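Colleague: Mind looking over this structure? Questions follow.
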Amino acid sequence: MSSRSIRSPQRSPNDEFLRFTSSVGFDQRLWRYDIAGSMAHAHALAKVEVLSEDELKQVTQALRSIADAISKGSVRFDPALEDVHMNIEKLLVDAVGDPGKKLHSGRSRNDQVSLDLRLMVREALKDTSALVVRLQEELVEKARTASGMILPGYTHLQHAQPVLLSHHLLAHFWKLQRDFDRMSDCFKRTDISPLGSGALAGTGFKIDRTVASKLLAMDGVTENSLDSVSDRDFAAETAFALSLLMVHLSSFSEELVLWSSSEFGFVKLPKQLSSGSSMMPQKRNPDLPELVRGKSGRTIGDLVTILTLLKSLPLAYNRDLQEDKEPLFDAIDTAQASLDALTSFLRAASFDRVRMRKSAEVGLMTATDLADFLTTTGLPFRTAHGLVKEIAEKSDGDERRFRQLADKVIREQLKDFRTSDLQLLSIEKAIERRSTEGGTSQEAVSRQMEKAKTKVRQNKKTVSDMTAKTAVIDGLIG
Ligand code: ARG
């Protein structure tokens, strides 16, 4: 038999059990929220005289010094105590004795962990929202400096119609705006206190649940104790909001990867934020957007893990729920790191006006404009479309030939033809014509830009409202 057998003779079955069930290795990340939640609960207990004023003082002071010790890195969490909640309670009891033992009155780890996780998610949503706004600001700034730059717009990744680069960049802005709105919305549902739900049925201690929720600056208390200890909707919603955000970042990243290739050449890779090849001396690689693209898969995996975990769980608390944390933390870390990286990348990247403009001249991109124009002679659009399709096929991608044929068609259809009518086949004209709300004309894009700037201002206000709430955690723990 191997001398390195898995089951060492000294280890008791209980050690094995703890090794498998202990979560403090990862849930220690919740310590700040756990301590703040305990302080809030202590106040609620003091209000109904389960803790005397003096005991409340002892407990809150001790919790503050535990927070101080943890933040300095001088606390070693004990896996034998299972999770962060039991570890902190043990430190408290060691520090103050009986008042510490009273703290768990009317509370279970089931409502405690739900509270801690909500407080953590609330802050993560605030931080991620702030990072989204930074990327939005960068997009607006790049859109501003991209004034007048034209590139091909694509459908099916085929040249379709010319667009302004600022319009293209702002398209990503609005996707991020929906991500931002989703996170603010999710914030509201997360920001509710489950404390007082006990293990599952509520508590016989006559505490006022709003005492803790107010101290934590939360927006009220949950309605049903069974629901409260089993509800992880806020975790799933957050993972979804982050996944969709990452999907958006992955699409943007994909474009940056494509655009930095020799075939496109629209984007110049920032030197500091791209790598060379260990073998090919001439190479420069878009590692950063490639990694963001790749990391989006992790976030989606995290979401699926959480949903699968929740599926078919009976009421109320089940230990399965402990498995919600690692994927949730991973989704948060991945999204935040990706946002940060992509913002730096965009800030440092530059666009090649000439390459984009040249590319926009390829692919008969004004064919729709010709068809549109022919309808002014009374031709139904479908008929005009058919005529232009014919000449497009005949010209086989040759711009000059297309123009000659277009000229002919226009003369045939239009009695009072003016050569200036052919101007409509210019790329600039094609852009200028699309001036409807949300279109790519300079005028429409300027209006859009103003709206985007207003959104940024509103988003900043939303983030600062969120911050006012999340800041109470540090306020409580000192
Ligand atoms: N560590 C657990 C979790 O993360 C909370 C503990 C609840 N345990 C229990 N035996 N009721 O979900």
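Colleague: If you filter region 343-438 for chymotrypsin sites (Phe, Trp or Tyr not before Pro), then keep DSSP loop positions with at most 16 other Cβ within 10 Å, what is left? Write down the numbers at each step before the final one.
Modeller: Values: sites: 345, 351, 373, 381, 402, 417; in loops: 417.
Passing both the DSSP loop test and the Cβ count: 417.
Colleague: Using only the alpha carbons of region 196-237, determine the length spanned along each of the three principal axes and report them from longest to shortest in whole angstroms.
Modeller: 31, 24, 12
Colleague: At 0.36 nm per residue, minus the direct Cα-Cα distance, what do residue 422 and residue 396 gain on full extension? Give it in nm, one decimal, please.
Modeller: Details: separation 26, 0.36 × 26 = 9.36 nm, distance 1.95 nm.
Here the segment from residue 422 to residue 396 would lengthen by 7.4 nm.
Colleague: May I ask you to derive the FRET efficiency for residue 14 and residue 49 from their Cβ-Cβ distance with R0 = 45 Å, giving the value to the nearest 0.05? Intermediate values should be presented prior to the final figure.
Modeller: Values: r = 38 Å, r/R0 = 0.84.
It comes out at approximately 0.75.
Colleague: Still on this structure, I have one more. For region 253-391, what ratio Rg/Rh do Cα atoms give with a Kirkwood hydrodynamic radius? Display every interim value, and only then the final one.
Modeller: Numbers: Rg = 24.3 Å, Rh = 19.7 Å.
Checking Rg against Rh, the ratio lands at 1.23.
Colleague: Starting from the Cα of residue 254, step 7 Å along the direction of its Cβ; do the same at residue 333; then give the gap between the two resulting points in nm.
Modeller: Taking the simple label geometry, residue 254 and residue 333 are separated by 2.7 nm.
Colleague: Once you put a point 7 Å from the Cα of residue 68 and another 7 Å from the Cα of residue 429, both along the Cβ direction, what distance in nm separates them?
Modeller: 7.7
Colleague: Can I ask one more? Mind jotting down the three principal axis lengths of region 173-245 based on Cα atoms? Whole angstrom, largest first.
Modeller: Largest to smallest, the principal-axis extents are 50, 23, 13 Å.
Colleague: Ok, one more. Ranked highest first by average number of other Cβ atoms within 10 Å, how do 42-54, 68-80, 464-476 line up? Don't skip to the end; give the middle numbers.
Modeller: Values: 42-54: 17.8, 68-80: 12.9, 464-476: 15.6.
Going from most to least packed, we get 42-54, 464-476, 68-80.
Colleague: Just name one of 438, 462, 423: the one whose Cα is farthest towards the positive end of the charge dipole of region 415-478 (beta-carbon charges, Lys/Arg +1, Asp/Glu -1).
Modeller: 462
Colleague: Let me ask something additional. What length, rounded to one decimal in nm, is gained on full extension from residue 442 through to residue 284, with 0.36 nm per residue of separation minus their alpha-carbon distance?
Modeller: Details: separation 158, 0.36 × 158 = 56.88 nm, distance 3.38 nm.
Computed gain between residue 442 and residue 284 is 53.5 nm.
Colleague: Something else now. Please work out the C-alpha center-to-center distance from region 156-171 to region 21-59 and express it in whole Å.
Modeller: Answer, in whole Å: 54.
Colleague: Let me ask another. At a Cα cut-off below 27 Å, give the lysines reachable from residue 394, other chains included and same-chain residues fewer than 8 away excluded.
Modeller: Within reach: 358, 408, 415, 429.
Colleague: Right, next: As I understand it, the dipole of region 318-421 uses +1 on the Cβ of Lys and Arg and -1 on the Cβ of Asp and Glu, about the Cα centre. Which of 328, 402, 414 lies farthest toward its positive end?
Modeller: Projecting each Cα onto the dipole axis, the largest value belongs to 414.
Colleague: What dipole magnitude, in Debye to the nearest 20, does the chain give about its Cα centre under +1 on Lys/Arg Cβ and -1 on Asp/Glu Cβ? Display every interim value, and only then the final one.
Modeller: Values: 67 positive and 66 negative charges, 247 e Å.
The calculation lands at about 1180 debye.
Colleague: List the aspartates and glutamates whose Cα sits under 16 Å from the Cα of residue 188, skipping any in the same chain fewer than 8 residues away.
Modeller: Within the straight-line limit of under 16 Å, residue 188 reaches these aspartates and glutamates: 116, 123, 127, 179, 219, 223, 231, 233, 237, 465.
Colleague: Which whole-angstrom value gives the distance between the alpha carbon centres of region 174-214 and region 85-130?
Modeller: Cα centres, region 174-214 to region 85-130: 15 Å.
Colleague: From the phi angles alone, apply the Karplus equation (6.51, -1.76, 1.60; θ = phi - 60°) to region 454-467 and give each ³J(HN,Hα) in whole Hz, x where the residue is Gly or Pro.
Modeller: 4, 4, 4, 4, 5, 4, 5, 5, 4, 5, 6, 5, 5, 5
Colleague: Scale the Cα Rg of region 111-204 by the rule-of-thumb value 2.2 N^0.38 Å and send over the ratio, two decimals. Walk me through the numbers before you get to the answer.
Modeller: On the way: Rg = 21.0 Å, N = 94, 2.2 N^0.38 = 12.4 Å.
Expressed relative to 2.2 N^0.38 Å, the Cα Rg reads 1.70.
Colleague: Based on the Cα gyration tensor of region 200-297, what are the three equivalent ellipsoid semi-axes, each the root of five times an eigenvalue, rounded to whole Å and given largest first?
Modeller: Values: eigenvalues 524, 34, 27 Å².
In descending order, the three semi-axes are 51, 13, 12 Å.
Colleague: Just the ratio, please: alpha-carbon radius of gyration of region 25-160 over 2.2 N^0.38 Å, N its number of residues.
Modeller: On the way: Rg = 23.6 Å, N = 136, 2.2 N^0.38 = 14.2 Å.
My calculation over the Cα atoms of region 25-160 gives 1.66.
Colleague: Using a Förster radius of 60 Å, what is the FRET efficiency between residue 101 and residue 348 based on their Cβ-Cβ separation? Nearest 0.05, please. Before the final figure, lay out the partial values.
Modeller: Working: r = 56 Å, r/R0 = 0.94.
About 0.60, to the nearest 0.05.
Colleague: So which trypsin sites (Lys or Arg not before Pro) in region 308-389 pass both tests, a DSSP loop state and at most 12 other Cβ atoms within 10 Å of the Cβ? Don't skip to the end; give the middle numbers.
Modeller: Numbers: sites: 311, 319, 325, 347, 353, 355, 357, 358, 382, 389; in loops: 311.
When the trypsin sites (Lys or Arg not before Pro) of region 308-389 are filtered for loop state and at most 12 Cβ neighbours within 10 Å, 311 remain.
Colleague: Can you give the extra length, in nm with one decimal, that the chain gains between residue 460 and residue 407 once fully stretched, where that is 0.36 nm per residue apart less the Cα-Cα distance? Let's see the in-between values first.
Modeller: Values: separation 53, 0.36 × 53 = 19.08 nm, distance 5.24 nm.
Extra length from residue 460 to residue 407 when fully extended: 13.8 nm.
Colleague: Another question, then. Calculate, for residue 474 and residue 154, the FRET efficiency according to 1/(1 + (r/R0)^6) with r their C-beta to C-beta distance and R0 41 Å; round to the nearest 0.05.
Modeller: Numbers: r = 47 Å, r/R0 = 1.16.
The calculated FRET efficiency here is 0.30.
Colleague: Provide the per-residue ³J(HN,Hα) series for region 304-316, in order, calculated from phi with Karplus coefficients 6.51, -1.76, 1.60 and θ = phi - 60°, each as a whole number of Hz, with x at glycine and proline positions.
Modeller: Using θ = phi - 60°, the values come out as 5, 4, 5, 5, 5, 4, 7, 4, 6, 5, x, 5, 10 Hz.
Colleague: Additional query: With 28 Å as the limit, write out which pairs from 126/325; 175/283; 72/325; 142/461 have Cα-Cα distances beyond it, or answer none.
Modeller: Working: 126/325 18 Å; 175/283 32 Å; 72/325 24 Å; 142/461 22 Å.
From the list (126/325; 175/283; 72/325; 142/461), the Cα-Cα distance tops 28 Å for 175/283.
Colleague: Just the Cα atoms of region 286-362: what Rg and Dmax do they give in Å?
Modeller: Gyration radius and largest Cα-Cα distance of region 286-362: 19.7, 63 Å.
Colleague: Could you state the orientation-averaged shadow area of the convex hull built on the Cα atoms of the chain, in nm² to one decimal? It would help to have the intermediate numbers written out before the result.
Modeller: Working: hull surface 130.2 nm².
Result: 32.5 nm².
Colleague: Between region 386-440 and region 256-307, what is the C-alpha centre distance in whole Å?
Modeller: Comparing the Cα centres of region 386-440 and region 256-307, I get a distance of 38 Å.
Colleague: Let me ask something else. Among 20, 170, 180, which residue has its Cα furthest toward the positive end of the charge dipole of the chain, with +1 on Lys/Arg Cβ and -1 on Asp/Glu Cβ?
Modeller: Projecting each Cα onto the dipole axis, the largest value belongs to 170.
Colleague: Under the rule of at least 5 residues apart or a separate chain, name every residue whose amide H is placed under 5 Å from the amide H of residue 163.
Modeller: It is 151, 153, by chain and number.
Colleague: Using the scaling law 2.2 N^0.38 Å as the reference, what is the normalised Cα Rg of region 372-437?
Modeller: Working: Rg = 12.0 Å, N = 66, 2.2 N^0.38 = 10.8 Å.
So the Cα radius of gyration is 1.11 times the expected 2.2 N^0.38 Å.
No value in this document is a laboratory result; all are computed from the given coordinates. None of these values were measured; they are calculated from a predicted model. Here the Cβ is made from the backbone with ideal geometry for all residues, glycine too, and neighbour counts use every protein chain on show.
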